[in-house]
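For reference, the structure discussed in these notes is given below.
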Amino acid sequence: MAVLLEDIVKSVEQLLKLISKKSQEQSFVDPTLDPVLLVPGIAGSILNAVDDKTGKTERVWVRILGADHEFRDKLWSRFDPATGRTVTLDADTHIEVPQDRYGLYAIDMLDPDMVIGSDCVYYFHDMIVEFIKWGYQEGTTLFGFGYDFRQSNRFQGTLDRLASKLESVYTASGGRKINIISHSMGGLLIKCFMSLHTDLFEKYVKNWIAIAAPFRGAPGYITSTFLNGASFVDGWEQNFFISKWSMQQLLIECPSIYELMACLDFKWEHVPLLEIWRQKCDTDGNSTIMLESYSPAEAIPIFMEALSINKVHFGGSDISLPFNVEILKWANETRKLLCSAEVPNQIKFYNIYGTNNETPHSVCYGSEDVPVSDLRQLPTLQAKYINVDGDGTVPVESAKADGLRAEARVGVPGDHRGILCDRHVFRILKHWLKADHDPFYNPVNDYVILPSAFDMESVTTKEGLQVTSLREEWEIVGDEQDREENKALVGSIDVARVGADKCVQEEAHATVIVQPQNDGKKHVELNAVSISASA
């Protein structure tokens, strides 16, 4: 029966693949653009499992149909502290990242067979489409770098591949330096590479733009991931996808996850806590209930106790998967490296982070009415969150604290993955990449100011008064609609000044008129006059 179901799943996949084929024609190519390399975050690359005996290749991340079974068989792994590498449990399988479309295939749609509900597996898809509209061309000015996200962000195998990718992009674009755009954990990967291979970073990179990067960790998200697992998709698609438990067993052995824990030496405005309502009994049998709070460092023994009996059944045997202290040691060294990184002088760094979403920061288990008596119960309990501002995964405080010399840091209302297809982000990127040729755009406030008129005149009257008049007009281009009635807003300003010796007196009056938005533009007019007199 299992074989028949698998055949049905594969047949459906092939059918969906035929239905979803779309022609992609590019009508415009801008030869003046510098190349862009897109780098995803955790779980943001297609991974293929290759059978070493038969050579058969099968996509195991991401797939919706038949996902959980293949995921456990081909992706579950163990960390080797001697090499720093995470190794697949199946000794006859190795993991590869497909390189089709100059690396873009692996980070575009993570399940290319999906038609219904395909948004849930989009990654850089919308951004790639947008860049092509701007005149970027795959293989000449647009590239992708997918990687095995189970590995550490300083895993030498990944860094070697990134070095080769930068060299190939540089060559393919005719010797132009590269704009790197990273998302989420991809920012930590780039920061590690920049620190360990500064010479190559200086040679090949022009600008680095980090989006939604957890520079100081994603405390609430990672705490609940260790104890309860994680869901990659929301909504009805979860029924066809990888279970939270299966995901948890993978991530417990992934150094990349430990590298996303709360940074221990960062001075948090609000320290992220693990809180537990505990029930304890003294020697006399009297029980007490109290709320215990643990800082990031103090929470480690809690993780160890909570996961002390965690195990999976694989290949006919039970394999113990407790909280891995060896990985924690490795991750602590990675965080030291990240804290010491610096941006080379000739390279510009930009930071875009998500805001306006409730983001898990501290995590609480149990309640005063239903306390926790055994920490090993935690993986079966529902976590409650104390939220802060962020993108739903990474707190603003963490994302802004890059510790680098930044040209700009811009907050954009958006969630962690949705920010990759946000109009504001596209507009900002277009400006920073000089793909819009618009010197008047203000990415911090996301509008364009176009001066349309300027006139200033100064005269001296017979009475000796100095009279200066000024008239200036602008067009402000943006998508914000007027919430008030479509009436012009009129304001006035009056100022006066008397010199310290009372020899000079000045007065000025200005009127500002803001016309309601029309065709996406607001018209602003300033009229001012100043009069000065000497006694």
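Quick notes on this structure:
- Residues of region 333-343 satisfying the condition of being under 23 Å from N179 (Cα atoms) and either touching a strand residue (DSSP E or B) at 6+ places or on another chain (Cβ under 6 Å) or surrounded by fewer than 15 Cβ atoms within 10 Å (Cβ to Cβ) (or both): S340, E342, V343
- Any chance M194 is of a type outside the set (F, W, Y), closer than 18 Å to P35 by Cβ and open to solvent by less than 10 Å² (accessible area, probe 1.4 Å): yes
- Filter pass, Y147 being closer than 26 Å to H437 by Cβ and either buried (at least 24 other Cβ atoms within 10 Å of the Cβ) or modelled with pLDDT of 95 or more (or both): no
- Qualifying residue in region 348-367 (condition: without any contact (Cβ under 8 Å) to a residue 12 or more places away in the chain, within 18 Å of L274 (Cβ to Cβ) and surrounded by fewer than 21 Cβ atoms within 10 Å (Cβ to Cβ)): no
- If you go through region 118-149 and keep only what is of a type in the set (G, A, S) and either closer than 18 Å to I428 by Cβ or in contact with a Leu (Cβ under 7 Å, 6 or more places away or on another chain) (or both), you end up with G135, G144.
- Taking first residues from region 379-400 that are more than 24 Å from L307 (Cα to Cα) and partners that are part of a helix (DSSP H, G or I), the Cβ contacts under 6 Å between residues at least 6 apart in sequence or on separate chains come to D389/V396; G390/V396.
- Residue within region 321-332 that is open to solvent by 30 Å² or more (accessible area, probe 1.4 Å), modelled with pLDDT under 95 and in a loop (DSSP other than H, G, I, E, B) present: no
- Within region 243-259, residues that are within 15 Å of V60 (Cα to Cα) have Cβ atoms under 7 Å from residues that are among the charged types (D, E, K, R) and assigned to a helix (DSSP H, G or I) in these pairs: S243/D68; S246/D68; S246/R72, counting only partners at least 6 apart in sequence or on another chain.
- Condition met for I309 (more than 30 Å from I180 (Cα to Cα) and either in contact with a helix residue (DSSP H, G or I) (Cβ under 8 Å, 6 or more places away or on another chain) or in contact (Cβ under 8 Å) with a residue 24 or more places away in the chain (or both)): yes
- Of the residues making up region 269-292, just one is of a type in the set (S, T, N, Q) and touching a residue at least 60 places away in the same chain (Cβ under 8 Å), namely Q279.
- Within region 172-220, the set of residues being farther than 23 Å from Y123 by Cβ, in contact with a strand residue (DSSP E or B) (Cβ under 8 Å, 6 or more places away or on another chain) and among the hydroxyl-bearing types (S, T, Y) comprises just one member, Y204.
- Search result, residues across region 333-367 that are part of a strand (DSSP E or B) and among the hydroxyl-bearing types (S, T, Y): Y350, Y353, T355, T359, S362, Y365
- Selection status of S152, free of Cβ contacts under 8 Å to residues at least 24 places away in the same chain and small (G, A, S): no
The values are calculated or read from the model by the stated rules, or taken from the named source; none is laboratory data. Everything numeric here is computed off the predicted structure, so don't read it as measured data. Note: ideal-geometry Cβ built from the backbone for every residue, glycine included; neighbour counts use all protein chains shown. Each accessible area value is taken on the protein alone, full model and side chains, heavy atoms only, with ligands, DNA and RNA left out. Shrake-Rupley method; radii C 1.70, N 1.55, O 1.52, S 1.80 Å.
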